[in-house]
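The values are calculated or read from the model by the stated rules, or taken from the named source; none is laboratory data. What you see is a predicted model, and the numbers here were worked out from it, not measured in a lab. Positions of Cβ are generated from backbone atoms using ideal geometry, with glycine treated the same way; all protein chains shown enter the neighbour counts.
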Amino acid sequence: MRVFFVLLLFLGLIVPLQAPAAETNAGGTETPADLPALLQRGIQERDSAFVLQRVDMEGILDAAVTENLPQINAKAGRGELPLSPPLAAALSALNSGGETLQGAAKTFLAAELRKFIAYGVESGAFAGAAPPHAARSLMEGGVFAELGVPFTRKTFLLPAKLLRQDEKNALIQVGLYDEGSRTVYPLRLNLSGNGPLWRITRVDNMEELLGLLAPPRGTAQN
């Protein structure tokens, strides 16, 4: 179950915790490499509006599905992505080839991912607080909570490294430690600039990350 959670949270955001307050460069202007620390501060302060504002959920999801759907299907076919009925229906729609169905599935997944992240941030669970009450988690966490996805600490390993930047786009690299799986995931994140602010728009190494994901417990491996 953790596999599908990590997959879709990579598409939107895998939230960070327990970092020093974010700092900008000496000139006071935000740089692309500042964004992970800014997001961590948003998590610590339980500011879901800030976190979701800085992540283009729909754009990241669209890019990941467009570029990685065959790999996602292969993992689902091997039983490595256990799906609830709503998620299975969404995956079927993504494979339909019809723009209307695909669009509806992407909108559904983005909305559910936003709901899950917002609850994890606002409850303090992503900042290392005690796990939320199960009944409330199911009610407010959406379909990912229904899968039994754990609300566990996620920590960006700062500082982030700037790999490339022009006037409106950048590529950064940062490690992410997932306390639930005790794994460090290397993230390469594409950012777009809007004035002085930066926003995550794509996960550049999604294929690599999918390959790192282990099957959920109890899944037979060939």
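When the range 54-85 is filtered for residues that are within 21 Å of ASP204 (Cα to Cα) and either aromatic (Phe, Trp, Tyr) or free of Cβ contacts under 8 Å to residues at least 24 places away in the same chain (or both), the ones remaining, listed by number, are THR66, PRO70, ASN73, ALA74. The residues of the range 106-126 that are buried (at least 22 other Cβ atoms within 10 Å of the Cβ) and modelled with pLDDT of 85 or more, listed by number, are LEU109, VAL121.
Within the range 177-206, being part of a loop (DSSP other than H, G, I, E, B) and touching a residue at least 12 places away in the same chain (Cβ under 8 Å) holds for GLU179, GLY180, SER181, PRO196, ASP204, ASN205. Taken over the range 61-87, residues that are small (Gly, Ala, Ser), at pLDDT below 85 and surrounded by fewer than 17 Cβ atoms within 10 Å (Cβ to Cβ) amount to 3. One residue alone among ALA22, ALA26 is more than 20 Å from GLU122 (Cβ to Cβ), aliphatic (A, V, I, L, M), at pLDDT below 85 and assigned to a loop (DSSP other than H, G, I, E, B), and that residue is ALA26. Out of the residues in the range 88-105 that are of a type in the set (Gly, Ala, Ser) and assigned to a helix (DSSP H, G or I), state the one that is modelled with the lowest pLDDT. Restricting to residues being of a type in the set (Gly, Ala, Ser) and assigned to a helix (DSSP H, G or I), the top hit is ALA88. For the range 47-60, a residue qualifies if it is surrounded by fewer than 20 Cβ atoms within 10 Å (Cβ to Cβ) and either among the polar types (S, T, N, Q) or closer than 22 Å to ALA76 by Cα (or both), and the qualifying residues are GLN53, GLU58.
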